[in-house]
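The values are calculated or read from the model by the stated rules, or taken from the named source; none is laboratory data. Computed from a predicted structure; not experimentally measured. When we count neighbours, we look across all protein chains shown, and the Cβ atoms used for this are built from the backbone with ideal geometry, even at glycine.
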Amino acid sequence: MSNLSKACFSLLLCFFVFQVSAQSPVVKTAEGYIRGVIENGIPVFKGIPYAQPPVGSLRYMPPMGHEHWTDTLNAAAFGSPAVQPGGTKASGTENCLYLNLYTPAVDQGRRPVVVWVHGGSMTNGSGSGMNGHAFADKDDIVTITINYRLGALGFLYLGDMDPHYAQSGNLGLLDVVAVLKWIRENITAFGGDPDKVTLMGESAGAKLISAVMVSPASKGLFQQAILESGAVQCIRDTTTARNERTRLLNQLGLGPNDARKLLDLPADTLIRAQGRICEGIGGNSQFGPVYDGITITDDAYRYTSTGVLSHINVLIGTNENEGAAFIGPNADYLHANTSIFEPLFQHGAPSAYAYYKLQLKTDSPYAAAIKTLTQYMYQMHTYRFARALAAAHSPVWMYRYEYQGHQRYGARHGNELHYIWDAEKIKISSADDAEKQLAANMHAAWVSFIKSGSPQISTLPEWPQYDSHKPQVLFFDTTETVKTLQAIYDDKSFPSAVFVIH
């Protein structure tokens, strides 16, 4: 081969390698090399295992670091979601501990990182449910979405059965901590900053993040949190957790001394039994983190009051009509105490029912039920947590989503997500200027918080921090308005946990 031919061949080979690498970005992680894809012009890595598969002897055990792999791992497709109800049988697999990463560039950019923790009553959902391009493509933010263990495989307490499983009631929480440790070790290789990490979640995702916040296991692993419609009301005591386990055992036809059989039962069997005890509105509260004395060592409010979270910036809020997402106008309100409140609140049902009866003096039964569910499921607990954080010197910003759109009670649970995640789509597709502006402002506020630690909007002179002595809240509607709340409802008779069975 002539020198000219060799030179041409070398150039062709380099061009080929460049083309392949441009379409298939490769990054070295602590466990080995992974190959992603180019989507929307940016590198995307899907289905990255952040821990060993929690199967076999690792079922009901805290996440273990993943073993090293030799070959380059293909990260072009989402990993399996966690086992969850899926009609007549369970969907997903126990091998579910995967994350998905969207980065503006694989370089040394040290960009802010946001980690999306999905909702779904801690029994449903997956990281693939949200599109990370929403923050990565144009906002220069490394965006990560994650799976974590759910329901009877993520939050079933077995600590009293065997100390070996002392943390089994908090596996979903520990999965999030494992993600944060993976980020700390690997994110610089993806153009992210390990010292600028924001946890973001809605509903069960926000609740789980709040539990992560009050667990010493997460200390130093993240700097900011966005809590949409959720706080520490998800954490239950061990008595409640044991009673939840008894319900599951009963559904399986097992006795209280048969808990060890849960270690070996097929996942499909477990999840179908879980589905039966989670039927109806009460399923929203059945599973969640546990005060096990190891993962969560102290009462959430007492832990917060020590100031250990004072270095964490928090954006927190609720929607005006959260409860409208769970009930319809034709529900039976004549027996509201038993048909709605007991499945959700168990021992707290009488307090919720008393509030409901009080609202009936001025509202229809439907409106009164919406107000009751909104307060006792979400708002009251969000304000309690915000007050505790602010009192302990955490920088806190509070919002209230009020936009009704074209629906009665339109500011329902979860409705704000559309405006935060789909702002680019709304800008193109909506004919409503107010809706376009709402989406632009909400998305911009979240981006501002993730990047700077302060959620500011160009249309406002300032969004002030929350102070329990002067509780200022930003209301998102057709226009954005900061209001000082004159009264904040707090039922002192209602426990810190939504769900209590004693």
>> With the condition being more than 18 Å from the chain's Cα centre (by Cα), I'd like the strands (runs of 3 or more DSSP E) fully within the stretch 84-149 carrying at least 1 qualifying residues.
In response: 84-86, 89-91, 111-117
> Out of the stretch 419-445, which residues are among the acidic types (Asp, Glu) and over 11 Å from THR478 (Cβ atoms)?
Replying inline: ASP422, GLU424
>> Regarding the stretch 292-309, can at least one residue be identified that is buried (at least 20 other Cβ atoms within 10 Å of the Cβ), free of Cβ contacts under 8 Å to residues at least 60 places away in the same chain and not basic (Lys, Arg)?
In response: no
> What number goes with the only condition from (1) in a helix (DSSP H, G or I); (2) closer than 25 Å to GLN167 by Cα; (3) at pLDDT below 95 that TYR303 does not pass?
Replying inline: (3)
>> Can you tell me which residue is surrounded by the fewest Cβ atoms within 10 Å (Cβ to Cβ) among those in the stretch 445-460 that are over 19 Å from THR198 (Cα atoms) and either of a type in the set (Asp, Glu) or in contact with a strand residue (DSSP E or B) (Cβ under 9 Å, 6 or more places away or on another chain) (or both)?
In response: THR459
> Which helices (runs of 4 or more DSSP H) sit wholly inside the stretch 191-293 and have at least 2 residues that are over 25 Å from LEU389 (Cα atoms)?
Replying inline: 238-251, 267-277
> SER57 passes all but one of (1) surrounded by 14 or more Cβ atoms within 10 Å (Cβ to Cβ); (2) within 23 Å of LYS261 (Cα to Cα); which number fails?
Replying inline: (1)
>> Going residue by residue through the stretch 60-75, is there one that turns out to be under 30 Å from ARG276 (Cβ atoms), at pLDDT 95 or above and not in a loop (DSSP other than H, G, I, E, B)?
In response: no
> Here are TYR378, TYR419: which of them is closer than 18 Å to ALA497 by Cβ and aromatic (Phe, Trp, Tyr)?
Replying inline: TYR378
>> Looking at the stretch 162-178, I want the residues that are of a type in the set (Ser, Thr, Tyr) and have a partner that is outside any helix (DSSP H, G or I) with Cβ atoms under 7 Å, at least 6 apart or on another chain. Which pairs are those?
In response: TYR165/TYR60; TYR165/LEU158; TYR165/GLY159; SER168/TYR60; SER168/LEU156; SER168/TYR157; SER168/LEU158; SER168/GLY159
> Which residues, taken from the stretch 444-463, are free of Cβ contacts under 8 Å to residues at least 60 places away in the same chain and either in contact with a Cys (Cβ under 9 Å, 6 or more places away or on another chain) or not aliphatic (A, V, I, L, M) (or both)?
Replying inline: SER448, SER452, GLN456, SER458, THR459, PRO461, GLU462
> Any idea which of (1) touching a residue at least 40 places away in the same chain (Cβ under 8 Å); (2) more than 24 Å from ALA204 (Cβ to Cβ) is the one VAL232 doesn't satisfy?
Replying inline: (2)
> In the stretch 390-424, what residues are more than 24 Å from LEU460 (Cβ to Cβ) and in contact with a strand residue (DSSP E or B) (Cβ under 8 Å, 6 or more places away or on another chain)?
Replying inline: TYR409, ARG412, HIS413, GLY414
> What is the residue count in the stretch 32-53 for residues that are within 25 Å of the chain's Cα centre (by Cα) and either over 19 Å from SER128 (Cβ atoms) or of a type in the set (Gly, Ala, Ser) (or both)?
Replying inline: 4
>> Among the listed residues ARG302, ARG276, ARG245, ARG272, identify the single one that is closer than 30 Å to GLN465 by Cβ and among the basic types (Lys, Arg).
In response: ARG302
